[in-house]
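Below: one structure, written as structure tokens.
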Amino acid sequence: MTSETKRVLVTGALGQIGTELTLKLRDKYGHGSVIASDIRTGISPEIEEGGSFELLDVSRGPSVTALVRKHRIDTIYHMAAILSATGEKNPQLAWNVNMNGSFNILETARE
């Protein structure tokens, strides 16, 4: 597969690691080939306006599948997560995003 045909999705693209990863992948594969996604906006204009950006809640399986189909994604970098400080305050949210979200990404990839 050439870099021109690569279709990459980064979940959690507005987080600390996701931001840097998205920028590097866009440099490598082109801004149009890397779709950044997150559950929030207004965090990083460089990511949100520097290429394709989609709102995505990874805990909603059908939304993950629809986005992957819409953009014909062939590679997923799953960075979406609830970190420990927030997770300790809201363990149900942490479980939903970290466990169910990861399941949804894997299930979509499997399909």
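If you filter region 65-111 down to residues that are within 12 Å of residue 39 (Cβ to Cβ) and either aromatic (Phe, Trp, Tyr) or part of a helix (DSSP H, G or I) (or both), you find that the one that is nearest to the chain's Cα centre (by Cα) is 101. Of all the criteria given as (1) of a type outside the set (Ser, Thr, Tyr); (2) open to solvent by less than 70 Å² (accessible area, probe 1.4 Å); (3) modelled with pLDDT under 95, the one not satisfied by residue 46 is (2). If the condition is being modelled with pLDDT under 95 and either touching a helix residue (DSSP H, G or I) at 6+ places or on another chain (Cβ under 6 Å) or not aliphatic (A, V, I, L, M) (or both), then region 1-14 contributes 2, 3, 4, 5, 6.
A search for C-beta distances below 7 Å between a residue of region 94-105 that is on the phi < 0 side of the Ramachandran plot and any residue that is in a helix (DSSP H, G or I) and open to solvent by less than 60 Å² (accessible area, probe 1.4 Å), counting only pairs 6+ apart in sequence or on different chains, returns 94/87; 104/61; 104/64; 105/64.
Among the residues of region 56-110, those identified as over 19 Å from residue 6 (Cα atoms) and of a type in the set (S, T, N, Q) are 59, 63, 84, 86, 90, 92, 96, 98, 100, 102, 104.
Test residue 59 against the criterion of being at negative phi, in contact with a helix residue (DSSP H, G or I) (Cβ under 6 Å, 6 or more places away or on another chain) and not in a helix (DSSP H, G or I), and give yes or no. Taking the combined requirement at face value, the residue satisfies it.
Residues in region 49-73 that are farther than 14 Å from residue 13 by Cα and open to solvent by 70 Å² or more (accessible area, probe 1.4 Å): 60, 62, 69, 70, 72. List, please: which pairs have Cβ atoms under 7 Å, are six or more places apart or on different chains, and start with a residue in region 9-34 that is over 17 Å from residue 58 (Cα atoms) and part of a loop (DSSP other than H, G, I, E, B) and end with one that is open to solvent by 10 Å² or more (accessible area, probe 1.4 Å) and not charged (D, E, K, R)? Within 7 Å, the pairs are 30/3; 31/50; 31/51; 32/51; 32/52. Please count how many residues of region 1-19 are under 13 Å from the mean Cα position of the chain (by Cα) and either β-branched (Val, Ile, Thr) or surrounded by fewer than 20 Cβ atoms within 10 Å (Cβ to Cβ) (or both). Here the count works out to 7.
The values are calculated or read from the model by the stated rules, or taken from the named source; none is laboratory data. Model, not experiment: these values are computed from the prediction. Cβ coordinates were reconstructed from backbone atoms using ideal geometry, including for glycine residues, and neighbour counts include every protein chain displayed. Heavy atoms of the whole protein, side chains included, go into the accessibility calculation; ligands, DNA and RNA do not. Shrake-Rupley method; radii C 1.70, N 1.55, O 1.52, S 1.80 Å.
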